[in-house]
1. Say whether the condition of being surrounded by 22 or more Cβ atoms within 10 Å (Cβ to Cβ), in a loop (DSSP other than H, G, I, E, B) and under 20 Å from the mean Cα position of the chain (by Cα) is met by at least one residue in segment 141-162.
2. For residue 145, state whether it is modelled with pLDDT of 95 or more and more than 20 Å from residue 64 (Cα to Cα).
3. Take segment 11-37 and flag every residue that is surrounded by fewer than 18 Cβ atoms within 10 Å (Cβ to Cβ) and either touching a residue at least 24 places away in the same chain (Cβ under 8 Å) or on the phi > 0 side of the Ramachandran plot (or both).
4. Could you look through segment 27-58, keep only residues that are out of contact with any strand residue (DSSP E or B) (no Cβ under 9 Å at 6 or more places or on another chain) and in a loop (DSSP other than H, G, I, E, B), and pick out the one that is nearest to residue 105 (Cα to Cα)?
5. Looking at segment 157-170, can you tell me whether even one residue there is under 25 Å from residue 213 (Cα atoms), out of contact with any helix residue (DSSP H, G or I) (no Cβ under 9 Å at 6 or more places or on another chain) and without any contact (Cβ under 8 Å) to a residue 12 or more places away in the chain?
6. Exactly one of these conditions fails for residue 119: (1) surrounded by fewer than 15 Cβ atoms within 10 Å (Cβ to Cβ); (2) out of contact with any strand residue (DSSP E or B) (no Cβ under 9 Å at 6 or more places or on another chain). Give me its number.
7. Hey, any hits in segment 4-11 for a residue that's within 19 Å of the chain's Cα centre (by Cα) and modelled with pLDDT of 95 or more?
8. Quick one: in segment 47-63, which of the residues that are crowded, with 18+ Cβ neighbours inside 10 Å and touching a helix residue (DSSP H, G or I) at 6+ places or on another chain (Cβ under 8 Å) is farthest from residue 8 (Cα to Cα)?
């Protein structure tokens, strides 16, 4: 267990609050998601005891295991690349799938959500830096996919998500985040029936403050809260 996880969370929370203040935004406009991938349930439990309820995972199996192990009533966000054959395991366990990047994936979520008798909230993932190593669609394809998702009755499109390119200076990501906000606003203005496009999931440990200043409503922070990850031991 990381003995500093609660202290780290409080420091990140203070930075989120300060970024909201700089941007003239209410703190309530931004949800801080503690990304707990590869980290033990004990670390998560320490945050739960502090009243934290929003957690993010990259892998379906890990999220499902933690969701079953820890107390009910938490909000689990699926933020990683999602394979179609894993969708069925998420139904009823995730509050939001951030990484929908194709109609085929959306259709699979529709199929499984219909079986489960639920409405599944989703975000469209944008490859804002046009990086071959990352998932997501071209930003110019966002409206097309949004309209296709709107036709699926068991999905609710709530907004957009991106992972900005890695940079040494977070200021270099500002233009990417601004483009995301502009696209979100553009889609919201279309008022596509069956959608509620208001969320912007963007910003991680290295750039979440700039993302908040540019309009993020969901920030996904892992390393600054839980510490560096040991992928050799944890997959």
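1. Within segment 141-162 (the criterion being surrounded by 22 or more Cβ atoms within 10 Å (Cβ to Cβ), in a loop (DSSP other than H, G, I, E, B) and under 20 Å from the mean Cα position of the chain (by Cα)), the answer is no, since none of the residues qualifies.
2. When the stated conditions are applied, residue 145 passes them.
3. 11, 15, 18, 22, 23, 24, 25, 29
4. It comes out as 38.
5. Taking every residue of segment 157-170 in turn, at least one turns out to be under 25 Å from residue 213 (Cα atoms), out of contact with any helix residue (DSSP H, G or I) (no Cβ under 9 Å at 6 or more places or on another chain) and without any contact (Cβ under 8 Å) to a residue 12 or more places away in the chain.
6. In the conditions (1) surrounded by fewer than 15 Cβ atoms within 10 Å (Cβ to Cβ); (2) out of contact with any strand residue (DSSP E or B) (no Cβ under 9 Å at 6 or more places or on another chain), residue 119 misses (2) alone.
7. Yes, segment 4-11 contains a residue that is within 19 Å of the chain's Cα centre (by Cα) and modelled with pLDDT of 95 or more.
8. Taking the candidates together, the pick is 60.
The values are calculated or read from the model by the stated rules, or taken from the named source; none is laboratory data. Computed from a prediction, not measured in an experiment: that's the story for all the values here. We place every Cβ from the backbone using ideal geometry, glycine too, and count neighbours over all the protein chains shown.
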